[in-house]
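Just so it is clear, none of the values below were taken in a lab; they were calculated from the coordinates. Please read all numbers here as calculations on a predicted model, not as lab measurements. Neighbour counts are summed over all protein chains in view; Cβ atoms, including those assigned to glycine, are modelled from backbone coordinates with ideal geometry.
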Amino acid sequence: MEAKYDFARKYREQILKCSKCGFCQAVCPVYGSTIRPALNARGKMLILKEVMDGEIELDDKLIETLFQCTTCASCFENCPSDVNVPEIIKQVRKDMVHIGSCHPAFKGMNDVLKKHTNIYAEDEPEDFERERNKRAEYVYFIGCVGSYREDEATIAALDLLDRLEVDYTLIDEVCCSGVLEDVGYQLNQDLAKINVERILVTGAKKVITGCPYCWRTFNNRSEYTEIKDRGVEILHITQLLKDLNLNVKTDKRVTYHDPCDLGRHCGIYEEPRETIRKIAPNFVEMPNNRENALCCGAGGGVRGAFAKNSIAMARRRLKEAEDVDAEVVLTDCNSCIHNLANAKLRKQKFKIYTTTEFINKLMEEQNRGHVTQNKIK
Ligand code: SF4
Ligand code: SF4
């Protein structure tokens, strides 16, 4: 009999491969913050098997279970049967959208990106007092969270690029729209076309992204392949920084939070550590690091749709930083920093920065440097 849903057509064998071993339970941030077995990867696979067997319907009643997944890939990383739960959940969300069952927050994201150029539906972006759309060696692509919510971190990243005399330009960027793929919709082709055109017109040889999700989208989505086809390399800012001479140090006890989108999804673990070790000899790892890093709780649309649990997930991560007596927590994703900062622990002693923001702060303290290269004078 022909399967009713695409998720069953594409992933039936993977779902049946789930041996219910439960290895995923210990690593699922949603389970960790709710202690509800139905919400971990195993619970989700059991529900989907029942849907495939016709025992339960795929409908609104399953929204809370199946949409509450940050797509962090921690379960996949630890699954002995190679069940790619985040990809399965993304397809299930598409099927649910198709039959009209969708979390309103996820639908809202798609609706917003039909009318606006960013996920916050804000029409006046911060201009960051930098030149835009000029010819330069690099394009710095900020991303929506950095443009509209974490502007201090973005200003610091731009100041750092200026101090390091990187020849870059900003562009009039629009949302890369990769996030729509996580929440049951298709990437917005009109927005992708605008970004591709605006990047290419600068003649840049490299695009530096501040956001790991934009990096994933530009590198992996067919709507953006023209960038690479035209010989333009796409780097996350951590990949640029590791080769630069930074010449600053801190004696503070520093730890690092691996963003899921940079680590498990892109395999970028060592570059940030190379940079941090250069500037912070007292670097300490949290118990769950690299492939096993705890998710900050922001991804997969969960921050917008399940805010309370999203914050609970971020607090679990911050608790780990507290347990290793960190004075500074660094990360390389504006979305992570946004969620971690909002989750602040009671009596929290450490500060949280992006790596670029922290390096810029050290440079600022060491030497009130000249920061005008790309600034509009
Ligand atoms: S780790 Fe993999 S096989 Fe084991 S219960 Fe989780 S999803 Fe199923
Ligand atoms: S992708 Fe992350 S949040 Fe989703 S089920 Fe797997 S471990 Fe849990």
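The Kirkwood radius of region 6-102, taken over pairs of alpha-carbon atoms, gives through the Stokes-Einstein law at 25 °C and 0.890 mPa s a diffusion coefficient of 187 µm² s⁻¹.
With contacts taken as Cα pairs under 8 Å at a separation of at least 6 residues, region 138-241 carries a relative contact order of 31 percent. Between 146, 210, 231, the Gaussian network model of the chain with springs among Cα atoms under 10 angstrom shows the greatest mean-square fluctuation at 231.
Among 81, 335, 222, a tally of other beta-carbon atoms within 10 Å of each Cβ gives an order, fewest to most, of 222, 81, 335. For residue 130, the residues whose amide H sits under 5 Å from its own are 376, ignoring neighbours fewer than 5 places away on the same chain, with H placed 1.01 Å from N. Under a model in which nothing but the beta-carbon of Lys, Arg (+1) and Asp, Glu (-1) is charged, region 215-351 shows a dipole of about 720 debye around its Cα centre. Taking θ as phi - 60° and the Karplus parameters 6.51, -1.76 and 1.60, the scalar couplings of region 338-346 work out to 4, 6, 5, 5, 6, 8, 1, 6, 5 Hz in sequence order, x denoting glycine and proline.
Look at the alpha carbon pairs under 8 Å that are at least 6 residues apart: their mean separation over the length of region 254-366 gives a relative contact order of 30 percent. Relative to the Cα centre, the charge distribution of the chain, modelled as +1 at Lys and Arg Cβ and -1 at Asp and Glu Cβ, gives a dipole magnitude of about 720 debye.
The GNM of the chain, with springs linking C-alpha atoms under 10 angstrom apart, assigns the highest mean-square fluctuation among 258, 123, 162 to 123. Semi-axes of the equivalent ellipsoid of region 254-366 are 22, 16, 13 Å, computed as sqrt(5λ) over the eigenvalues of the C-alpha gyration tensor in descending order. Ordering 192, 26, 138 by the projection of their Cα atoms onto the charge dipole of the chain, which places +1 on the Cβ of Lys and Arg and -1 on the Cβ of Asp and Glu, puts 26 at the extreme positive end. Rounded, prolate or oblate: which one fits the chain, using the alpha carbon gyration tensor with axes a ≥ b ≥ c (rounded when a/c is under 1.5, else prolate when a/b beats b/c, else oblate)? Oblate, since a/c reaches 1.5 and b/c is not below a/b. Couplings 3J(HN,Hα) of region 19-32, computed from phi: 8, 6, 5, x, 4, 6, 4, 5, 9, 7, x, 5, 5, x Hz, in residue order, whole Hz [Karplus 6.51 cos²θ - 1.76 cosθ + 1.60, θ = phi - 60°; x for Gly and Pro]. In terms of packing, defined here as the mean over residues of other Cβ atoms within 10 angstrom, the peptides 213-220, 55-62 line up highest first as 213-220, 55-62. Taken one residue at a time, the phi angles of region 95-105 give Karplus couplings (6.51, -1.76, 1.60, θ = phi - 60°) of 4, 5, 4, 4, 8, x, 10, 8, 5, x, 5 Hz. Gly and Pro are set to x.
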